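The values are calculated or read from the model by the stated rules, or taken from the named source; none is laboratory data. In this text the structure is predicted, and so the values were computed from the model without any measurement. Positions of Cβ are generated from backbone atoms using ideal geometry, with glycine treated the same way; all protein chains shown enter the neighbour counts. These area figures cover heavy atoms from the full protein model, side chains too; ligands, DNA and RNA do not enter into them. Shrake-Rupley method; radii C 1.70, N 1.55, O 1.52, S 1.80 Å.
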Amino acid sequence: MLTLLKLLKDGRFHSGQALGAALGISRSAVWKQLQHLEAELGLSIHRVRGRGYQLAAPLTLLDPAQIDDKSSARSWPVQVFDSIDSTNAEALRAIERGLAAPFLVLAERQTAGRGRRGRKWVSPFAENLYYSLVLRIEGGMRQLEGLSLVVGLAVMRALREQGVAGVGLKWPNDLLVGQKKIAGILLELVGDPADVCHVVLGVGINVNMQAADEVDQQWTSMRLESGRVFDRNHLVVELGLVLQDYLSRHQCDGFSAIHAEWEQNHLWQGRAVSLIAGVNQIDGVVVGIDSRGALRLKVDGVEKIFSGGELSLRLRDDS
Ligand code: BTN
């Protein structure tokens with residue numbers, strides 16, 4: 001089915017006969033596959049008698065050769081899937097199979113994209129970036145401290161460099177424009193964090209998405225914010241460069257080297273918030289983060305420290 005899509009991606013008209021000949025199938029089989037493409041991938045295809053079929057808008061697909069070609073010599077080997085349950089899940093399977101890290105897993109769509117706290121990450125075909133970078137960590141806990149916050153900062157820088165204004169951070173690792181989410185990060189870890197382990201840095205960026213009924217929170221995309229369509233291959237290359245820079249600073253100097261920069265870009269610094277931990281809610285005012293990336297919250301006049309993957313923040317009405 002995706003071979004057919006690749007023939008159509010230029011946005012020009014292609015006759016049913018030519019498409020059938022290229023694929024070695026009949027014209028009616030072409031027609032059936034096109035119906036599947038529309039239903040399954042949500043693509044819109046025009047049919048005009050005498051001219052054939054045309055995608056409503058041209059598509060730029062992820063291209064590993066282009067990504068490799070434009071990346072720096074230090075870049076990571078990349079695998080691109082047309083469709084996968086989750087790039088993080090695939091990355092974990094690849095670690096299990098013994099694939100040597102570092103490596104990068106990308107997909108055009110995810111059928112079971114994972115968000116933090118068990119949420120689903122809506123992942124339509126060819127619109128956004130679903131990016132999982134696998135690293136082998138040998139330095140013990142210190143190499144993991146604040147790592148997800150560092151990735152958030154790198155993604156923020158990459159988006160700003162692409163001309164998306166107003167992107168900031170929300171502890172622990174959401175990227176927002178105003179109150180709307182533009183990107184999210186999910187770290188998953190296997191092995192012994194105190195010794196040798198593998199960490200999957202899962203990054204989801206809303207790139208060209210313009211509509212998505214299923215998203216259950218306020219959201220935006222790079223395209224909605226800037227009015228431009230972005231080339232995701234270019235974004236992968238640029239994000240890789242910024243990530244390399246931040247990860248090597250973190251590896252050499254630890255999270256304390258990045259702490260101040262993170263706080264400067266924290267949108268909710270000084271705001272009145274509720275910290276949600278399962279069914280519990282703690283009200284306080286954000287003081288900042290500590291040298292390990294944990295949240296510092298003033299609760300009833302006393303500063304308290306919170307960390308953990310299941311925590312999330314909400315702004316209080318009186319903030
Ligand atoms: C969040 O809830 O904010 C985290 C979202 C993380 C989504 C990305 S998309 C690539 C990678 N694969 C997944 O299944 N999830 C992460």
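Laid out as a table, the results:
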item	result
Qualifying positions in the stretch 74-107 - of a type outside the set (Val, Ile, Thr), more than 9 Å from the ligand (Cβ to nearest atom) and in a helix (DSSP H, G or I)	LEU92, ARG93, ALA94, GLU96, ARG97
Test set (1) farther than 21 Å from VAL105 by Cβ; (2) open to solvent by less than 80 Å² (accessible area, probe 1.4 Å); (3) touching a residue at least 40 places away in the same chain (Cβ under 8 Å) - SER44 fails condition number	(3)
Test result for ALA211, among the aliphatic types (A, V, I, L, M) and either within 29 Å of VAL122 (Cβ to Cβ) or in a loop (DSSP other than H, G, I, E, B) (or both)	yes
Search result, residues across the stretch 186-217 that are free of Cβ contacts under 8 Å to residues at least 40 places away in the same chain and within 12 Å of the ligand (Cβ to nearest atom)	GLN217
Test: SER86 is crowded, with 19+ Cβ neighbours inside 10 Å and hydroxyl-bearing (Ser, Thr, Tyr)	yes
The stretch 170-185, subset assigned to a loop (DSSP other than H, G, I, E, B) and more than 9 Å from the ligand (Cβ to nearest atom), residue most open to solvent (accessible area, probe 1.4 Å)	GLN179
The stretch 295-315, residues that are among the charged types (D, E, K, R) and either assigned by TED's automatic domain parsing to the domain that holds GLN217 or within 25 Å of the chain's Cα centre (by Cα) (or both)	GLU310, ARG314
Answer residue from the stretch 121-133, given it is under 20 Å from THR60 (Cβ atoms) and polar (S, T, N, Q) and is farthest from the ligand (Cβ to nearest atom) among those	ASN128
Qualifying residue in the stretch 142-154 (condition: on the phi > 0 side of the Ramachandran plot, surrounded by fewer than 20 Cβ atoms within 10 Å (Cβ to Cβ) and either more than 13 Å from the ligand (Cβ to nearest atom) or over 14 Å from the mean Cα position of the chain (by Cα) (or both))	no
Qualifying strands (runs of 3 or more DSSP E) (wholly inside the stretch 229-310; at least 2 residues being open to solvent by 40 Å² or more (accessible area, probe 1.4 Å) and at pLDDT 95 or above)	280-289, 295-299, 302-306
Per-region count, the stretch 212-228, residues open to solvent by less than 70 Å² (accessible area, probe 1.4 Å), at pLDDT 95 or above and hydrophobic (A, V, I, L, M, F, W, C)	2
Residue identified as within 14 Å of the ligand (Cβ to nearest atom) and surrounded by 24 or more Cβ atoms within 10 Å (Cβ to Cβ) among GLY113, GLY118	GLY113
Only one of ARG223, ARG292 that is basic (Lys, Arg) and within 21 Å of the chain's Cα centre (by Cα)	ARG223
Filtered residues of the stretch 10-32 (kept if at pLDDT below 90 and within 11 Å of TYR53 (Cα to Cα))	GLY11
Output for the stretch 156-169, where each listed residue is under 12 Å from ASN265 (Cα atoms) and either open to solvent by less than 10 Å² (accessible area, probe 1.4 Å) or β-branched (Val, Ile, Thr) (or both)	MET156, VAL167, GLY168, LEU169
